[in-house]
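The structure appears right after this line, and notes come after that.
Each reported figure results from applying straightforward, stated rules to the coordinates on display, with no laboratory input. Values in this document were obtained by computation on a predicted structure and should not be read as measured data. Cβ placement follows ideal geometry from the backbone for every residue including glycine, while neighbour counts extend to all protein chains displayed.
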Amino acid sequence: MDTKAFKRSLQQSENYHRKGFGHQEEVAGVLKSEYESSLIQQIRENNYTLERGDVTIRLAEAFGFCWGVERAVAMAYETRQHFPTERIWITNEIIHNPSVNHRLREMQVEFIPVEQGNKDFSGVGMGDVVILPAFGASVQEMQLLSEKKCTIVDTTCPWVSKVWNTVEKHKKKSYTSIIHGKYNHEETIATSSFADKYLIVLNMAQAEYVANYILNGGNREEFLVKFSRACSQGFDPDVDLVHIGIANQTTMLKSETEQIGKLFEHTMMKKYGPDRLNEHFQSFNTICDATQERQDAMFQLVDEKLDLMVVIGGYNSSNTTHLQEIAIERKIPSYHIDCAERIGPGNRIEHKILHGDLEVVENWLPAGKIVVGITSGASTPDKVVEDAIEKIFQLKAAVAV
């Protein structure tokens, strides 16, 4: 399938919308009342610090909603306003935040059901309105919706689209796209759908395994088993790793994406020589600015003296998880919550262990004066952050009494 030609044709269709419907001002007022916070603005203006009682809050200098998320949520709200009576679907969560997705359900936006790991589009009728989320949708999904004559509202983040364009460049030269990401994340699923040949590596350890195979060969069957769910159909490591290009899921840890890119650049240089590198390797910068800014701000925050760290964001949010990783690496007691309701009652918190399950911790707030670092993922509204901070203040005051 010529994915580039299909996308161009889709974008020229009268059923395709990517720029909203002219209700920006009305929607902006609604979003401000539902998601913004005067307390968070106050903390920003006070050098990202707030002290109350025994608690000092230190807020990361970049956190929360990014431009791409704001745009996607605003377009979803605009869509409901523009089509007040039509049936509206969304192919996945608009963003990885439970409160925002719950609000869309209250607005009668229906989510495509998932049966045994596969989306079921059978309920989508001819001409229904369908929103593509900030993470994008696969080419196959877009083709299906186009055939159903659906009105498509595309909120895909431009940074994700930039990665798709990179993968198209790889395909044009018959290069295999090596994608740093999670094979089952909707963004990576969408990105890989634009590729001809692809291999998805989760981390540096997997990348090193692939680099070693490129240089020294190895057990082909073992390789295919290891990446059985993370490669294109018919993938042959002995053939498809001769020419490679680097791409990434935009929410991965910036430093690791860069390390993986350098690893494969050096690998191909060693294998084929510096003078032939450009015949075998391609790399473009597709690291999302917002993801990078939030990670840089987190590194800056954990350099301070913190007693503990609270990271706020959806449990399936990749960029939030990577913020949590930064705190864990610095040995700072750190708690990942998706909403303020995880805090209390009593001096307890229910949080998600890094790459693990939910656990309840009792007496998580130490006695006496404490400094609490706070950050949130790119899909987390300021209002959710405010609610969590207020819960910490209330809980600490009660513990002191």
Exercise. In µm²/s, what is D for the range 54-107 at 20 °C and 1.002 mPa s, where D = kT/(6 pi eta Rh) by Stokes-Einstein and Rh is the Kirkwood radius from Cα pairs?
Worked result: 163 µm²/s
Problem set entry | Long-range HN-HN contacts of residue 16 with modeled amide H, under 5 Å | 152
Problem set entry | Kirkwood Rh (inverse of mean 1/r, distinct Cα pairs), the range 1-152, angstrom | 17.5 Å
Exercise. If the label point is 7 Å along Cα→Cβ of residue 114, which residues in the range 288-323 have backbone nitrogen under 12 Å from it?
Worked result: 316-317
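Compute the FRET efficiency between residue 275 and residue 51 as 1/(1 + (r/R0)^6), taking r as their Cβ-Cβ distance and R0 = 41 Å, and round to the nearest 0.05.
So, using R0 = 41 Å, E works out to roughly 0.10.
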For this session: Give a residue-ordered list of calculated ³J(HN,Hα) values for the range 119-134 (Karplus: 6.51 cos²θ - 1.76 cosθ + 1.60, θ = phi - 60°; whole Hz; x for Gly, Pro).
Result: 6, 10, 8, 4, x, 6, x, 4, x, 4, 8, 10, 9, 8, x, 4
Seminar exercise, completed: Scalar couplings 3J(HN,Hα) for the range 225-242 by Karplus 6.51 cos²θ - 1.76 cosθ + 1.60 (θ = phi - 60°), nearest whole Hz, x for Gly and Pro, are 5, 4, 10, 4, 9, 10, 8, 6, 4, x, 4, 10, x, 6, 10, 8, 10, 7
Seminar exercise, completed: If the label point sits 7 Å along Cα→Cβ of residue 83, residues of the range 148-172 with amide N under 20 Å come out as 148-157
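For the range 183-267, take N as its residue count and report Rg(C-alpha) divided by 2.2 N^0.38 Å.
Working: Rg = 12.3 Å, N = 85, 2.2 N^0.38 = 11.9 Å.
Ratio of Rg to 2.2 N^0.38 Å for the range 183-267: 1.03.
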For this session: Let me have the relative contact order for the chain, percent, based on Cα pairs under 8 Å that are six or more residues apart.
Result: 20 percent
Seminar exercise, completed: Candidates 138, 13, 376; GNM for the chain (alpha-carbon contacts under 10 Å) flags as most fluctuating 13
Problem set entry | Potential extension, residue 303-residue 148 segment - 0.36 nm per residue separation minus Cα distance | 50.5 nm
Problem set entry | Three-way shape call for the range 133-178 based on the alpha-carbon gyration tensor, with the a/c threshold at 1.5 | oblate
Problem set entry | Dmax and Rg, reported as Rg then Dmax, of the range 332-401 (C-alpha, Å) | 11.9, 36
Problem set entry | Cα-based convex hull, the range 267-401, per residue volume (Å³, whole number) | 135 Å³
Seminar exercise, completed: Scoring the range 158-273 by relative contact order with C-alpha pairs under 8 Å, at least six apart, yields a percentage of 36 percent
Exercise. Can you list the residues, at least 5 places off or on another chain, whose amide H is less than 5 Å from the amide H of residue 132, using H built in the peptide plane?
Worked result: 153, 154, 155
Exercise. What chymotrypsin sites (Phe, Trp or Tyr not before Pro) in the range 40-126 are in a loop by DSSP, with at most 12 other Cβ atoms within 10 Å of the Cβ?
Worked result: none
For this session: At most 11 other Cβ atoms within 10 Å plus a DSSP loop assignment makes a site exposed; report the longest stretch of the chain without any exposed trypsin sites (Lys or Arg not before Pro).
Result: 20-172
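Which value in Å does the Kirkwood hydrodynamic radius of the range 65-190 take, with 1/r averaged over all unlike C-alpha pairs and then inverted?
This gives a value of 15.4 Å.
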For this session: Amide H neighbours of residue 335 under 5 Å, at least 5 residues apart or on other chains, H built in the peptide plane: list them.
Result: 309, 310, 311
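Please state the shape class of the range 126-249: rounded when a/c is under 1.5, otherwise prolate if a/b exceeds b/c and oblate if not, all from the C-alpha gyration tensor. Before the final figure, lay out the partial values.
Working: a/c = 2.38, a/b = 2.27, b/c = 1.05.
It is prolate, given that a/c is not under 1.5 and a/b is the larger ratio.
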Exercise. Taking N as the number of residues in the chain, what is its Cα Rg relative to 2.2 N^0.38 Å?
Worked result: 1.06
Exercise. Which whole-angstrom value gives the distance between the alpha carbon centres of the range 155-177 and the range 373-390?
Worked result: 32 Å
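Considering only DSSP states other than H, G, I, E and B, which GluC sites (Glu not before Pro) in the range 5-35 qualify as loop sites with at most 14 other Cβ atoms within 10 Å? Write down the numbers at each step before the final one.
Details: sites: 14, 25, 26, 34; in loops: 14.
Of the GluC sites (Glu not before Pro), the ones in loops of the range 5-35 whose Cβ has at most 14 other Cβ atoms within 10 Å are 14.
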